[in-house]
Amino acid sequence: MPNQIDLVILGSTGSIGVQALEIVEANPDKFRVVALGAGSSNLQLLADQAKRFSVPVVATTGDRETLTRMLVGTNKIEVIDGAKSSSEIAAIACDIVLNGISGSIGLGPTLAALSVGNKVALANKESLVAGGDLVMAFGRDQIIPVDSEHSALYQCFLSGKASEVKQVILTASGGPFRDRNDLSDISVADALNHPTWSMGPVVTINSATLLNKGLEIIEAHYLFGLAYEVIEAVIHPQSVVHSFVEFNDGSTIAQASPPNMKGPIAYALAYPERINKACAPIDWSKSHTWNFSPIDNEKYPAVELAKRCGELGGGLPAVYNAANEVAVAAFLAQRIKFTAIIELVERVVQAFGSNTPTTIRDISDVSAIEQSARMKAEELIKEIA
């Protein structure tokens, strides 16, 4: 079919990947999937996706033989396995690579895609948090953000010049505990019960601690070349307005849509075009009340901690992210309390202080920093637990 957009989708069995494939299925004349990649947790879904979309190449960190057996009876599908399988398919010639991988393991595939000239629809915020300088060395025009907040900023920035921007404001739902003061006995089920968004478990926990907003502030710094002092965040429980850009003439431009990731995913995949009915619009036949309030930094210290790490730069953002990945995994495994997540991240960041490289030369530098941070986090868990 003429003018089809060739896609590589990384993290195809996760929330972002599944929704992206629903967009593809609804627009078969628009998109063609040339490769899918996923981890080891849901090989059957990966196989089903490969069959459904007639994908010629699939990649997995799971068992190659198991996946190959699941694909028996289909046209020949190449199976790539191993820790670098996502990076291999990210380098396949295509129009755009959607990186929906969760965690800093998404950095390698992002760099692999960019290094061969592929555009990246980036949902993996950790790529920028851990390796922002490496990623942005390829230029801003190769990356289209998928996070709802950064997609909103991307769209709002079209209303003026970068030199005219006074500040940007990201919105945060506040998670499930925005109206709860005592967080000492939060269960895993409580923390996973997000009031407005349907996301994977790690992102949902990050939303509950607001560490997600800290990551997004660092991400915004790199994506748009913004100083940290002009990036703010506010609580917006309805999650309809995703970000604001305030210009120097006093005008503030906002992007609003119901809380549904299909909108920003579709915007990134089809840019500069828009996909008709990508998501349901706001129903203006009904009354709406939208609330905005400042973030309580005592209750949610992760946001200011992210800014400090970002301003100090070097390897500290990678430390911040790696420590959180360990802390969230420990909470989900019921090894630590909810309140210990950010306590652990803070203590790891403090332990490193300014003792991280000021310049990140390559991905091996990032890996070394992250490994050290993870080891320190595991050491501290024994004290906290």
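The values are calculated or read from the model by the stated rules, or taken from the named source; none is laboratory data. Everything quoted here is computed from the prediction, not taken from an experiment. Cβ placement follows ideal geometry from the backbone for every residue including glycine, while neighbour counts extend to all protein chains displayed.
Under 22 Å from Lys262 (Cα atoms) and among the β-branched types (Val, Ile, Thr): does that describe Ile16?
On the way: under 22 Å from Lys262 (Cα atoms): yes; among the β-branched types (Val, Ile, Thr): yes.
Taking the combined requirement at face value, the residue satisfies it.
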Exercise for the section: Filter segment 160-179 down to residues that are at pLDDT 95 or above and in a helix (DSSP H, G or I), then give me how many there are. Expected result: 1
Problem - Which numbered condition Arg178 fails, given (1) touching an Asp or Glu at 6+ places or on another chain (Cβ under 7 Å); (2) under 18 Å from Pro259 (Cβ atoms) - result: (1)
Exercise for the section: Collect the residues in segment 287-304 that are out of contact with any Gly (no Cβ under 7 Å at 6 or more places or on another chain) and surrounded by 10 or more Cβ atoms within 10 Å (Cβ to Cβ), keeping them in residue-number order. Expected result: His288, Trp290, Asn291, Phe292, Ser293, Ile295, Asp296, Asn297, Lys299, Tyr300, Pro301, Glu304
Problem - Exclusive hit being aliphatic (A, V, I, L, M) and in contact with a Cys (Cβ under 9 Å, 6 or more places away or on another chain), set Ile235, Ile205, Ile253 - result: Ile253
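Evaluate segment 201-212: report whether one residue or more is over 19 Å from the mean Cα position of the chain (by Cα), free of Cβ contacts under 8 Å to residues at least 60 places away in the same chain and not assigned by TED's automatic domain parsing to the domain that holds Val24.
Applying the first criterion (over 19 Å from the mean Cα position of the chain (by Cα)) to segment 201-212 yields none.
No, segment 201-212 contains no residue that is over 19 Å from the mean Cα position of the chain (by Cα), free of Cβ contacts under 8 Å to residues at least 60 places away in the same chain and not assigned by TED's automatic domain parsing to the domain that holds Val24.
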Exercise for the section: Consider Ala278 carefully, then state whether it is in contact with a strand residue (DSSP E or B) (Cβ under 7 Å, 6 or more places away or on another chain), surrounded by 11 or more Cβ atoms within 10 Å (Cβ to Cβ), of a type outside the set (Ser, Thr, Tyr) and more than 16 Å from Trp197 (Cβ to Cβ). Expected result: no
Exercise for the section: Filter segment 351-384 for residues that are of a type outside the set (D, E, K, R) and surrounded by fewer than 11 Cβ atoms within 10 Å (Cβ to Cβ) and give the result. Expected result: Gly353, Ser354, Thr358, Thr359, Ser364
Problem - Filter result (in contact (Cβ under 8 Å) with a residue 60 or more places away in the chain, more than 15 Å from Glu216 (Cα to Cα) and of a type in the set (Gly, Ala, Ser)) within segment 150-186 - result: Ser159, Gly160, Ala162, Ser184
Fill in the blank from the handout: Of the conditions (1) under 16 Å from Leu210 (Cα atoms); (2) modelled with pLDDT under 95, the single one that Ser354 does not satisfy is (1)
Problem - Identity of the residue in segment 111-130, surrounded by 22 or more Cβ atoms within 10 Å (Cβ to Cβ) and part of a loop (DSSP other than H, G, I, E, B), that ends up modelled with the lowest pLDDT - result: Lys125
Practice task
Give me a count of the residues in segment 17-30 that are farther than 18 Å from Asn99 by Cβ and buried (at least 22 other Cβ atoms within 10 Å of the Cβ).
Solution key: 0
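If only one of Thr289, Thr339, Thr356 is in contact with a Leu (Cβ under 8 Å, 6 or more places away or on another chain), farther than 26 Å from Tyr222 by Cβ and polar (S, T, N, Q), which one is it? Give the steps one after another, and end with the answer.
Numbers: Thr289 fails: in contact with a Leu (Cβ under 8 Å, 6 or more places away or on another chain); Thr356 fails: farther than 26 Å from Tyr222 by Cβ.
None of the others qualify; the one that does is Thr339.
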Exercise for the section: Quickly run through segment 168-197 and pick out the residues that are of a type in the set (Lys, Arg) and either touching a Pro at 6+ places or on another chain (Cβ under 7 Å) or surrounded by 24 or more Cβ atoms within 10 Å (Cβ to Cβ) (or both). Expected result: Arg178
